[in-house]
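Data first, discussion second: the structure below is written as structure tokens.
What follows is calculated from the coordinates using simple rules that are stated; it is not laboratory data. The structure presented is a predicted model; accordingly, all values stated were derived computationally and were not measured. Here the Cβ is made from the backbone with ideal geometry for all residues, glycine too, and neighbour counts use every protein chain on show.
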Amino acid sequence: MEVTEGKQIKKQISKTKRTIIDSDIHNYTPLEEIKKYLPRVYRDQIDLWGWRLPGSLYLNGGTNVGQRADSIPPDGGFPGSNLDFMSSQYLDPFNVEYGILTGSDYSCQASPDVDYAAAISSAINEYTLEHWLGRDRRLKGSVFIPKQDPVLSAKEIHRVGSHSDMVQVIVASGADKPYGNRYYHPIYEACVEHNLPFTIHVLMEGVGMNPPTTGAGWVSYYPEYRATRPQVMAAHLASLIYEGVFEKFPTLKVVLQEAGVFWVAPYLWKLDEDWKALRFQTPWVKKPPSEYFRSNIKVSSQPLEPTPNQEMFRQMMNAVYADETLLYCSDYPHWDFDSPLKTFPKLDDALWERVFYQNAADLYGLPARKKQGGTE
Amino acid sequence: MTGFLVGKASEIPEGGKKIIEANGRSIGIYNIGGEFFAIRNTCPHQGAALCSGITTEFINSTGPGNFVHEREGEIVRCPWHQWEFEIKTGCMVVDPKKRTKSYEVTVERFDVSVEDKEVYVHI
């Protein structure tokens with residue numbers, strides 16, 4: 001078996017001619033480690049009463065709650081916990097030039113105790129800076145914030161946002177108000193000041209202080225929950241546009257992460273059509289919504305929806321302006337991992353380059369490849 | 001081009017409009033600030049009787065929550081899907097390529113009596 005796997009990986013390397021940027025890699029940020037970075041008051045509270053953080057309402061895929069069954073490191077640790085194994089299993093064989101770390105625990109963003117959420121966010125950031133960033137030049141970090149308190153969030157962005165290895169601010173999609181609401185503006189001011197994109201990653205919908213998984217109420221099963229993620233993300237997208245966030249913060253970039261890709265196309269058509277009809281109700285929205293999408297929004301690719309045929313795939317890619325907006329993501333080490341080699345049908349060279357490298361490089365301010373032409 | 005009599009100028013006060021049939025076409029004649037403008041009474045979107053929509057202003061904004069009223073009385077909002085058209089040009093405000101036909105309007109006076117002025121649309 002070992003020999004077969006070795007052969008397979010070698011073949012994959014030979015096909016990955018150029019390096020890639022992966023915008024969604026989940027490094028493990030275990031609570032027992034995070035605890036060491038918390039102020040004493042919270043460490044004492046945790047000892048007495050536990051973490052009081054909400055967990056998922058649903059099943060997941062894979063093993064170890066959502067992980068690839070083959071992603072447990074040789075030391076027996078949790079998937080995503082071991083940098084050497086992450087390198088040998090994923091970063092090296094798939095020729096990853098840069099990977100954006102997106103952490104593993106967003107539960108503090110569903111806690112109504114905002115000071116506690118702020119302390120955990122800071123602890124996650126400190127842990128990531130100390131244990132991940134700087135250990136491997138390929139890896140870049142996400143600033144966790146207590147998004148349910150935008151002023152504390154801005155404070156955290158100012159605290160760690162100027163670190164050169166922190167390349168974005170990250171929040172869960174589950175939120176007590178849609179992300180265009182002016183309540184969040186202190187976060188966007190700080191993002192703009194530090195030139196950090198604001199990434200909305202699916203998670204925490206229906207959990208803790210966040211509203212139900214859908215406006216129609218809680219769904220029952222995990223596949224159903226996955227199917228509702230685009231609804232929540234769609235609400236955030238419309239909110240960001242119709243609340244005038246991109247008029248107030250024209251340089252702000254927002255990433256819609258892990259809610260799927262191709263649903264965006266008909267949604268933009270609908271947004272544009274309704275804007276033509278109802279523009280005068282929100283006159284601060286100066287352009288058709290699809291134009292804000294193109295100038296201010298990026299979409300992460302995983303989990304990409306296969307289409308019935310390649311012609312339809314090509315059309316859908318065009319319809320979401322993939323050459324400007326799409327970021328390749330693997331979601332390693334999660335069970336629904338999208339392989340850099342097998343997820344997309346053959347793309348023309350220029351489009352491949354945008355999706356697998358340049359869109360992310362432009363967004364995160366990452367340099368060109370060290371070696372043009374790759375390591376074939 | 002043929003001139004069609006719309007009616008007496010006094011029938012269309014400032015801010016008012018009159019819809020007539022001329023040469024088989026329905027046309028709306030508007031009085032904006034004492035000047036007359038005519039547009040075809042058909043929306044280029046889905047064919048609604050455009051001039052039966054409300055005559056209104058262009059609502060602009062300097063930012064979220066702010067409303068600025070501009071071009072008072074110069075905009076017709078289609079009765080069906082609320083698309084906004086400039087009465088002076090027939091063009092959709094946000095997409096000027098979409099337009100309804102506009103026509104020249106003249107006001108002609110045949111004697112010294114102001115009340116007797118007549119409005120003509122030229123098709």
Which value in nm describes the separation of the simple spin-label points at A:LYS287 and A:ARG43, placed 7 Å from the Cα toward the beta carbon? 5.0
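What is region B:3-122's relative contact order, in percent, from Cα pairs under 8 angstrom and six or more apart in sequence? Mind showing how you got there, number by number?
Working: 264 pairs, mean separation 31.4, N = 120.
That works out to 26 percent.
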Arrange the peptides A:78-86, A:101-109 so that the one whose residues have, on average, the most other Cβ atoms within 10 Å appears first. A:101-109, A:78-86
Euclidean distance of C-alpha centroids, region A:192-216 and region B:53-72, integer Å: 33
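Order B:79-89, A:360-370, A:295-305, A:195-205 from most to least packed using the mean count of other Cβ atoms within 10 Å.
On the way: B:79-89: 19.1, A:360-370: 15.8, A:295-305: 21.5, A:195-205: 23.3.
Result, highest mean Cβ count within 10 Å first: A:195-205, A:295-305, B:79-89, A:360-370.
Divide by every residue of the protein assembly as shown the summed helix terms, -39500 (n - 2.57) for each DSSP H run of at least 4, and state the resulting mean residue ellipticity at 222 nm, rounded to the nearest 500 deg cm²/dmol.
Working: 15 runs with 143 residues, N = 499.
It comes out at -8500 deg cm²/dmol, rounded to the nearest 500.
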Over chain A, what is the percentage of antiparallel beta bridges among all DSSP beta bridges, to the nearest 5? 10
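Would you mind calculating the relative contact order of chain A from Cα pairs under 8 angstrom and at least 6 residues apart, reporting the percent as a whole number?
Normalised by residue count, the contact order of chain A is 20 percent.
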For chain A, what are the DSSP H helices with axial Cα length of 18 Å or more and mean Kyte-Doolittle hydropathy of at least -0.5? A:114-131, A:222-242, A:264-278
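Please give the charge dipole size of chain A, origin at the Cα centre, charges +1 on K and R Cβ atoms and -1 on D and E Cβ atoms. Round to the nearest 20 debye. If you can, show how the numbers build up before the last one.
Working: 39 positive and 46 negative charges, 142 e Å.
Dipole of chain A, to the nearest 20 debye: 680 debye.
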For region B:3-122, with only Lys/Arg (+1) and Asp/Glu (-1) charged at the beta-carbon, what is the dipole magnitude about the Cα centre, in debye rounded to 20? 540
Taking H as built 1.01 Å from N, whose amide H comes closer than 5 Å to the amide H of B:GLU104, not counting residues under 5 places away? B:HIS122
Karplus-derived HN-Hα couplings along region B:34-48 (A = 6.51, B = -1.76, C = 1.60, θ = phi - 60°), whole Hz, x at Gly and Pro: x, 10, 9, 9, 10, 10, 5, 7, 9, 7, x, 6, 10, x, 5
Quick one: which residues, 5+ away or cross-chain, put their amide H under 5 Å from the amide H of A:VAL255? H built at 1.01 Å from N. A:PHE198, A:THR199, A:ILE200, A:LYS298
What ranking do A:254-261, A:233-240, A:210-217, A:176-183 get when scored by the average of other Cβ atoms within 10 Å per residue, highest first? A:254-261, A:233-240, A:176-183, A:210-217
Value of Rg to Rh for region A:255-294 (Rh from inverse mean 1/r over Cα pairs, i.e. Kirkwood): 1.03
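Under the definition of partner shielding as Cβ atoms of other protein chains within 10 Å of a residue Cβ, what is the mean value for peptide B:76-86?
Working: counts 0, 2, 1, 0, 1, 5, 7, 3, 4, 0, 0.
Average per residue, whole number: 2.
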Rounded if a/c under 1.5, otherwise prolate or oblate - the protein assembly as shown, Cα gyration tensor axes: prolate
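Divide, for region A:94-210, the radius of gyration over alpha carbons by 2.2 N^0.38 Å, where N is the residue count. Don't jump to the answer; show the numbers that get you there.
On the way: Rg = 13.6 Å, N = 117, 2.2 N^0.38 = 13.4 Å.
With N residues counted in region A:94-210, Rg over 2.2 N^0.38 Å equals 1.01.
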Please work out, to two decimal places, the log10 of the ratio I(q)/I(0) at q = 0.18 Å⁻¹ from a Debye calculation in which every Cα of region A:235-376 carries one identical scatterer. -1.09
Once you place label points 7 Å from the Cα toward the Cβ at B:HIS122 and A:ASP84, how far apart are they in nm? 9.0
Rg and Dmax of region B:3-122, using alpha carbons, in Å: what are they? 15.2, 54
Provide a whole-number value for the mean count of partner chain Cβ atoms within 10 Å of the Cβ atoms in peptide A:279-287. 6
Extension gain A:GLU32-A:ARG294, at 0.36 nm per residue separation less the Cα-Cα distance, in nm? 90.2 nm
Signed unit charges on C-beta, dipole axis of the protein assembly as shown, positive-most listed residue A:GLY55, A:PRO223, B:GLY73: A:PRO223
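Which loop trypsin sites (Lys or Arg not before Pro) in region A:40-109, with loop taken from DSSP, have no more than 14 other Cβ atoms within 10 angstrom of their Cβ?
A:ARG52
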Compute the label zone of A:LEU129 within region A:160-188: residues whose backbone N is under 11 Å from the point 7 Å along Cα-to-Cβ. A:160-166
Are there any chymotrypsin sites (Phe, Trp or Tyr not before Pro) in region B:1-50 that are in a DSSP loop and have at most 15 other Cβ atoms within 10 Å? List them by number. none
If each Cα of region A:87-143 is one equal point scatterer, what is log10 of I(q)/I(0) from the Debye formula at q = 0.14, 0.28 Å⁻¹? -0.47, -1.12
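Pull out the extension gain between A:ALA350 and A:ASN318, defined as 0.36 nm times the separation in residues minus the alpha carbon to alpha carbon distance; nm, one decimal.
Values: separation 32, 0.36 × 32 = 11.52 nm, distance 1.32 nm.
The A:ALA350-A:ASN318 span can extend by a further 10.2 nm.
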Give me the base-10 log of I(q)/I(0) for region A:316-376 at each q in 0.17, 0.20, 0.25, 0.26 Å⁻¹, Debye formula, one uniform scatterer per Cα, rounded to two decimals. -0.67, -0.91, -1.24, -1.27
